[in-house]
1. Assuming R0 = 22 Å, what is the FRET efficiency of residue 10 and residue 34, from their Cβ-Cβ distance, to the nearest 0.05?
2. Express in nm, to one decimal, how much length is gained between residue 45 and residue 173 on full extension, taking 0.36 nm for each residue of separation and deducting their alpha carbon distance.
3. Could you give me the ³J(HN,Hα) list for the range 22-28, computed from phi with Karplus coefficients 6.51, -1.76, 1.60 and θ = phi - 60°, whole Hz, x at Gly and Pro?
4. Work out from phi, with θ = phi - 60° and the Karplus expression 6.51 cos²θ - 1.76 cosθ + 1.60, the ³J(HN,Hα) of each residue of the range 85-95, listed in order in whole Hz, and give x for Gly and Pro.
5. What residues have an amide H closer than 5 Å to that of residue 25, excluding those fewer than 5 places away on the same chain, when H is modeled at 1.01 Å from N in the peptide plane?
6. What is the extension gain from residue 81 to residue 18, computed as 0.36 nm multiplied by their sequence separation minus the C-alpha to C-alpha distance, in nm to one decimal?
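Quick note: the coordinates plus some simple rules give every number you see, no bench work behind them. Computed from a predicted structure; not experimentally measured. Glycine also receives a Cβ, built like all others from the backbone with ideal geometry; neighbour counts cover every protein chain displayed.
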Amino acid sequence: MFAVIKTGGKQYRVAAQDVITIEKVKGEPGEIVEFAEVLVLGGDSPVIGRPTVAGATVAGEVVEQTRGAKVIAFKKRRRKNSRRKRGHRQELSVIRITEILTDGRKPTRVERPQAAAPAPAPEPTGEAPAAQAAPAEAAEAAAPPVAVKAPAKPKAAKAPARKPAKAAKKPDKPKAPAPKGKGKKK
């Protein structure tokens, strides 16, 4: 079964478990929102509303509130030294459609399984650390001896790097006087 809903001045074809991105609607992530403007109900026996289907609603869960890509509105009037740059990011809501309801029914709250939380580490008992320490000591005794490296000598401080000598500077040419008459006015 599918439905065509209207929200934010646009129409969307939705079915259960669809994830859609629409103009921002009020609600925090996890809340249920209802769309009452159902234009068409499709399926085995389609129903077309005039203008909406009576008693039909679509329920969805807010997944997140986000913003769209940045749109730059740049206006320029040539030869007038007039430019305007303005950016805009549309606020959007990501909605997961949970169910399509008919006959005036209300949406049911369905708990979605959360991501598996890491299990807490078991608390160590008094015997476990000693039991773990014994195999570690046995492994150390069985390992061949390793040569120990002597600490390195401190290095002498380096002298700062020398800068290359500057090339001989050429004498500046005298500037010619500014032309008189048709030059730029100051």
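1. Working: r = 17 Å, r/R0 = 0.78.
Efficiency for this residue pair is about 0.80.
2. On the way: separation 128, 0.36 × 128 = 46.08 nm, distance 9.31 nm.
That pair, residue 45 and residue 173, stretches by 36.8 nm at full extension.
3. 10, 4, 4, 10, 5, x, 8
4. Going residue by residue, I get 10, 9, x, 8, 10, 6, 7, 10, 10, 9, 10 Hz, with x marking Gly and Pro.
5. Distant-sequence amide H within range of residue 25: 93.
6. Numbers: separation 63, 0.36 × 63 = 22.68 nm, distance 4.95 nm.
This chain segment gains 17.7 nm when fully extended.
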